[in-house]
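Before any comments, here is the structure.
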There are 2 protein chains.
Amino acid sequence: MTTAPTRQTQIEVDQEVPLVRITREFDAPPEKVFRAHVDPALFAQWSGPRDLATRVEAWDARTGGEYRFVQTRGAEEYGFRGTFHEIRPGELIVQTFKFEGMPDGVALEKVRFEDLGNGRTRLVATSLVDSFADRDAFVASGMETGVVEGYEQLDEVLARL
Amino acid sequence: MTTAPTRQTQIEVDQEVPLVRITREFDAPPEKVFRAHVDPALFAQWSGPRDLATRVEAWDARTGGEYRFVQTRGAEEYGFRGTFHEIRPGELIVQTFKFEGMPDGVALEKVRFEDLGNGRTRLVATSLVDSFADRDAFVASGMETGVVEGYEQLDEVLARL
């Protein structure tokens with residue numbers, strides 16, 4: 001499958017602040033892209049690289065709720081957890097994010113769903129940490145594969161909704 | 001009452017990242033200073049400037065919990081809310097923080113309790129946002145009075161514990 005230009009995932013490191021910005025367009029309206037982020041059964045189908053399976057352990061997708069999920073490949077397990085600081089349906093998710101393998105790491109993430117019309121959405125996801133070294137280590141850790149393949153899987157989930 | 005040099009509140013803006021760092025020492029061990037941060041009845045006694053009263057509306061001080069409180073002065077009301085991303089007793093609180101008067105603002109806060117020995121504690125609180133303009137507006141908003149007076153009130157609370 002070739003990727004249409006509008007479906008390319010753009011990953012940028014901000015020059016001013018220790019933030020990563022991911023931009024991606026989807027052939028589905030904001031309500032559906034949002035739903036695939038807050039429904040745990042849908043989220044488990046697309047999150048992360050293709051060779052990892054996602055198991056949701058806790059999921060309270062409301063302003064003030066918390067979440068935890070585990071990604072597995074054979075015997076390997078990677079846990080992730082955080083809180084949903086704010087959820088505005090179809091519009092915005094603000095959450096904290098922690099990879100449990102780095103107990104002192106925490107990112108503040110914002111996911112915005114922009115209506116492009118014609119049933120299309122631009123997703124802009126930012127991830128903020130408190131040092132450039134941590135931000136750059138995160139980008140160098142191979143997160144790109146997980147993000148790109150995750151959004152390809154999200155295209156497939158959205159096509160079925 | 002004169003303030004001993006070790007009880008002075010230091011407020012610094014970071015040069016590299018959009019973060020405010022507050023440092024303050026207390027004549028109480030980390031367990032007590034921590035307790036005054038997570039016990040809602042104690043928190044309400046010291047938080048904010050002297051001329052505002054604090055009313056806690058929601059308070060679930062555990063990793064993954066949420067909080068909301070309101071500060072009042074006569075008919076004026078200011079609401080604040082967020083989530084407790086992580087709580088390590090006597091050691092660390094990581095939380096999100098939002099002033100409801102600025103609906104799109106959110107800060108990622110870390111409060112560290114460092115044991116100085118002899119029943120004393122150094123508190124280091126950082127507040128991270130995603131732009132220098134927002135950070136500088138926060139510092140210019142008069143937060144210093146609330147922080148300084150709040151920690152003076154915390155001295156008084158700790159003396160009674």
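The values are calculated or read from the model by the stated rules, or taken from the named source; none is laboratory data. Please read these numbers as outputs of a predicted model, since none were measured by experiment. Here the Cβ is made from the backbone with ideal geometry for all residues, glycine too, and neighbour counts use every protein chain on show. Calculation scope for accessible area: heavy atoms of the full protein, side chains included, ligands and nucleic acids excluded. Shrake-Rupley method; radii C 1.70, N 1.55, O 1.52, S 1.80 Å.
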Kirkwood-based shape ratio for the protein assembly as shown, expressed as Rg/Rh from alpha carbons: 1.00
Paired Rg and Dmax values of the range B:116-161, which use every Cα atom, in angstrom: 14.3, 40
Dipole magnitude of the range A:36-109 about its Cα centre (Cβ charges: Lys, Arg +1; Asp, Glu -1), debye to nearest 20: 100 debye
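Would you mind calculating the relative contact order of chain A from Cα pairs under 8 angstrom and at least 6 residues apart, reporting the percent as a whole number?
Numbers: 334 pairs, mean separation 43.7, N = 161.
After rounding, I find 27 percent.
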Accessible area per residue, Å², the range B:13-161 with all protein chains present, probe 1.4 Å: 44 Å²
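Above 20 Å lies some portion of the pair distances; for chain A, what is it as a whole percent of all C-alpha pairs?
The proportion of pairs with Cα distances above 20 Å equals 50 percent.
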Inter-copy separations for A:GLY90, label at 7 Å along Cα-Cβ, nm, ascending: 5.1
Using a 7 Å Cα-to-Cβ projection, A:GLU76 label spacings across copies, nm, ascending: 5.5
Efficiency of FRET from Cβ geometry, A:ASP14 and A:ARG55, R₀ 41 Å, rounded to 0.05: 0.80
Accessible area (Å², 1.4 Å probe, nearest 10) - B:SER47: 20 Å²
Percent accessible area from carbon and sulfur atoms, the range A:83-161, protein chains only, probe 1.4 Å: 52 percent
Shielded residues, the range A:34-73 - accessible-area loss of 10 Å² or more between chain alone and all protein chains, probe 1.4 Å: A:ARG62, A:THR63, A:GLY64, A:GLU66
Summed buried accessible area for A+B [probe radius 1.4 Å, Å², rounded to 100]: 2300 Å²
q = 0.20, 0.23 Å⁻¹, the range A:83-126: log10 I(q)/I(0) [Debye, one scatterer per Cα]: -0.67, -0.78
Position B:LEU161, label points 7 Å along Cα→Cβ, spacing to each other copy in nm (shortest first, one decimal): 4.6
